[in-house]
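Below you'll find the structure, written out as structure tokens, and then a few comments.
The values are calculated or read from the model by the stated rules, or taken from the named source; none is laboratory data. Quick caveat, the model's predicted, so the values are computed rather than measured. No Cβ is skipped: glycine too gets one built from the backbone with ideal geometry, and neighbour counts run over all protein chains shown.
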Amino acid sequence: MRIDDLTVSFSTDAGAVKAVDGVSLHVSPGEVLAIVGESGSGKTVTARTILGLLPETATSSGAVLLSTAKGEVDVVTLSNKQLRAVRGPAVSMVFQEPSTALNPVFKVGWQIAEGLRAHHKISKKEGRAQTIEILRKVGIPEPETRVDYYPHQFSGGQKQRIVIAMALVLGPRLIVADEPTTALDVTVQAEILDLLRRCREEFGSAIVLITHNMGVVADLADRVAVMYNGKLVEEAEATTLFASPRQEYTKRLLGAVPRIGEGTATARARAQARPDGWAESEPVVKASGLRIQYPGRLGQKGFVAVDGVDFAIRPGEVLGLVGESGSGKTTIGRAIAGLTKVTGGSLSVLGHEMNGIAERHFRPVRDRVGFVFQDPASSFNPLLTIAQCVAEPFIVHGRAENAADARSRVDELLEAVQLPRAYGDRYPHELSGGQRQRASLARGIALKPPLLIADEPTSALDVSVQQRVLEVFADLQKEFGFACLFISHDLAVVDIVADRIAVMHHGRLVEEGTGEQVLGSPKDDYTRKLLASLPVPDPIEQAKRREALREIVAGA
């Protein structure tokens, strides 16, 4: 593929908005090119132009030349019919969110075979055989059976593998992977990166990788193109770019990547600043033999999500809870907030025993527990302004009659999370991801709760935006002094914000201690696997870590 002087503009009520401005790139056969940058830098628009997936409001100029079996074609000039012939055999796409890319009402085998039927005249039997074979190649266990499963019957990592299978089934020369690992755990992410590496080696496909994760870039890319405000600001071999970036923006982007060990000094300073007798103070949250079981359906056995967990969070302390999806992290957070029932053991929250508590007894405590949700886009009411969303806790708990009555306090909260007061009059969709997450933080601390539960608050953010949100979080925690359960699957992020780290695996707590103890010298094999799975922004170091992870997995 070769892009020459590509410019893309979108028509809006306020006039044309230029999303891509004079970008030129190329990808050689079997090469992995990573396009990196913040949200809004133009990287996804560039990727979608390669497949002709721009909306009708877009106007593009320049050339996007693709190598096909019949020679070179310019995607920008192709009709819809010609584009359909190119998509699949010449270029295919791995979308960011597999749950929305897959149709929930069709079996995955049917959806993969759909591409084969669109481009080739094949029988049902032959299509099924090819579908089973591609599922086997992308690592889906028991493909002969699972070809007849629906998307909801697969985990997030397996759904991503199925989307990759859909992209590979027609043997494309080029694969465009748009944020293929964004919402995945580090262990699943490592498996997907290995799979993409195999795609290049076994299928000979070139890959254009769109991502904001610099660790993923270091792991997979041969060359890196850095975009900012629609322009290409730097392009270099991966080893060269990470070792000696030329542009100031690239240096800032690399500097924003969290690294293991960064939080050690901060955690020590916080520990030394605590008053005498703090360790003996009454915990805000205390779990002892905590067990949470979801009931089974239609007489089936229930699912044990949390099994015999012990931990405590003292006033002003941040406990980082890490682990894979399904390890029980979010279930514990929801149980502390009274959103999930405790079925065994003991869980004390702000002096109230949660095992068997009635809602009417816990309701008066709710204003003392703040919650920051993973995805503010879905936790905010799209019909309310940001000021109205942040004012909700005041109205629900009788501290204000309406949003206008609480506006002065809302403005103070917006300033506390470094958002201009005027942003209160905007709607959620008018804010960027990082701005929405800061507004979500403002809502979480609105009533100055002594306890805050933050569930994956930075998982979908760019590294630079994530860095700003973490700085805001640290400032707020210092100012308000709340205790916090910080749930995440990113060990480097937890290391920065947490005083202590607890590692969950299959509903059990396998390791707990300071960041220095847990991340510096882990005792449990699962913690070591998590650490080895975390990609670091250094291609040479990452190659060593990849080999170490293979040895750990092989020895397991």
>> Just checking, does segment 143-164 include any residue being part of a loop (DSSP other than H, G, I, E, B), under 24 Å from Ala47 (Cβ atoms), within 22 Å of the chain's Cα centre (by Cα) and of a type in the set (A, V, I, L, M, F, W, C)?
In response: no
> Of the residues Ile395, Ile386, which is assigned by TED's automatic domain parsing to the domain that holds Phe482 and within 24 Å of Gln466 (Cα to Cα)?
Replying inline: Ile386
> So which helices (runs of 4 or more DSSP H) stay within segment 307-425 end to end and still have 1 or more residues that are aliphatic (A, V, I, L, M) and under 18 Å from Leu452 (Cβ atoms)?
Replying inline: 329-336, 386-396, 407-416
> Given (1) assigned by TED's automatic domain parsing to the domain that holds Ile162; (2) not in a loop (DSSP other than H, G, I, E, B), where does Val105 come up short, assuming only one miss?
Replying inline: (2)
> Of the residues Phe303, Phe362, which is without any contact (Cβ under 8 Å) to a residue 40 or more places away in the chain and either polar (S, T, N, Q) or touching a Phe, Trp or Tyr at 6+ places or on another chain (Cβ under 6 Å) (or both)?
Replying inline: Phe303
> Is one or more of the residues making up segment 73-96 out of contact with any Pro (no Cβ under 8 Å at 6 or more places or on another chain), modelled with pLDDT under 90, under 27 Å from Leu431 (Cα atoms) and not assigned by TED's automatic domain parsing to the domain that holds Arg136?
Replying inline: yes
> Are any residues in segment 67-99 assigned to a strand (DSSP E or B), β-branched (Val, Ile, Thr) and more than 29 Å from the chain's Cα centre (by Cα), and if so, which ones?
Replying inline: Thr68, Val73
>> Can you tell me which of (1) closer than 29 Å to Thr240 by Cβ; (2) assigned to a loop (DSSP other than H, G, I, E, B); (3) not hydroxyl-bearing (Ser, Thr, Tyr) is the one Leu54 doesn't meet?
In response: (1)
>> So if I check each of Arg409, Arg438, which one is more than 23 Å from the chain's Cα centre (by Cα) and farther than 18 Å from Ala498 by Cα?
In response: Arg409
>> Please go through segment 1-25 and give me each residue that is surrounded by 15 or more Cβ atoms within 10 Å (Cβ to Cβ) and free of Cβ contacts under 8 Å to residues at least 40 places away in the same chain, ordered by number.
In response: none
> Out of the residues in segment 283-300 that are outside any strand (DSSP E or B) and touching a residue at least 40 places away in the same chain (Cβ under 8 Å), which is surrounded by the fewest Cβ atoms within 10 Å (Cβ to Cβ)?
Replying inline: Pro283
>> Checking the structure you have, find out if any residue of segment 324-337 is hydrophobic (A, V, I, L, M, F, W, C) and touching an Asp or Glu at 6+ places or on another chain (Cβ under 8 Å).
In response: no
>> Scan segment 185-199 and tell me whether some residue there is among the small types (Gly, Ala, Ser) and modelled with pLDDT of 90 or more.
In response: no
> Of all residues in segment 463-486, which are in contact with a Ser or Thr (Cβ under 6 Å, 6 or more places away or on another chain) and either among the aliphatic types (A, V, I, L, M) or more than 21 Å from Thr264 (Cβ to Cβ) (or both)?
Replying inline: Val469
